[in-house]
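What follows is one structure encoded as structure tokens, with my remarks underneath.
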Amino acid sequence: MKSLLLTAVQFICLGYILLTNSWISAQPLLAGVQVAGILLGIWAILVMSRSKLNITPDPRKGAILIQNGPYSLIRHPMYTSLMLAFFPILY
């Protein structure tokens, strides 16, 4: 229940950021950071799709630990991709 609540708060905050700011940074360098974040997120989801993808951070029964793709380089590539994609919007 706690992880579901925290996930809901995360999506509410992301929605607020998207509704109150422009979606793409006006600065080319920051827009490049955003694109890199989006691509990292897509890569992480594609690699994770072989497991039992879960929206909350709780592992599902029978899930396997992914150790290849971006997960071999970064511990939390989905969270990293969110930070790369959304922090430039705030500037």
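The values are calculated or read from the model by the stated rules, or taken from the named source; none is laboratory data. Given the structure is predicted, the values throughout are model-derived calculations rather than measurements. Don't worry about glycine lacking a Cβ; one is built from the backbone with ideal geometry, like all the others, and counts go over all protein chains shown. With ligands, DNA and RNA removed, areas are computed over all heavy atoms of the protein, side chains included. Shrake-Rupley method; radii C 1.70, N 1.55, O 1.52, S 1.80 Å.
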(request) Name, by its number, the condition in (1) touching a helix residue (DSSP H, G or I) at 6+ places or on another chain (Cβ under 6 Å); (2) farther than 12 Å from SER81 by Cβ that does not hold for ALA44. (result) (2)
(request) Give region 55-81 a look and list any residue that's more than 20 Å from LEU5 (Cα to Cα), open to solvent by 40 Å² or more (accessible area, probe 1.4 Å), within 16 Å of the chain's Cα centre (by Cα) and of a type in the set (Val, Ile, Thr), or say none. (result) ILE74
(request) Being at pLDDT 85 or above and more than 14 Å from the chain's Cα centre (by Cα) is the filter; apply it to region 27-53 and report the residue that is most open to solvent (accessible area, probe 1.4 Å). (result) LEU29
(request) Consider only pairs whose beta carbons are under 7 Å apart and that are at least six residues apart or on different chains; among these, list those whose first residue lies in region 1-26 and is modelled with pLDDT of 85 or more and whose second residue is open to solvent by 100 Å² or more (accessible area, probe 1.4 Å) and not basic (Lys, Arg). (result) THR7/ILE55; SER25/TYR91
(message) Please count how many residues of region 46-64 are over 23 Å from PHE11 (Cα atoms) and touching a residue at least 12 places away in the same chain (Cβ under 8 Å).
(response) 3
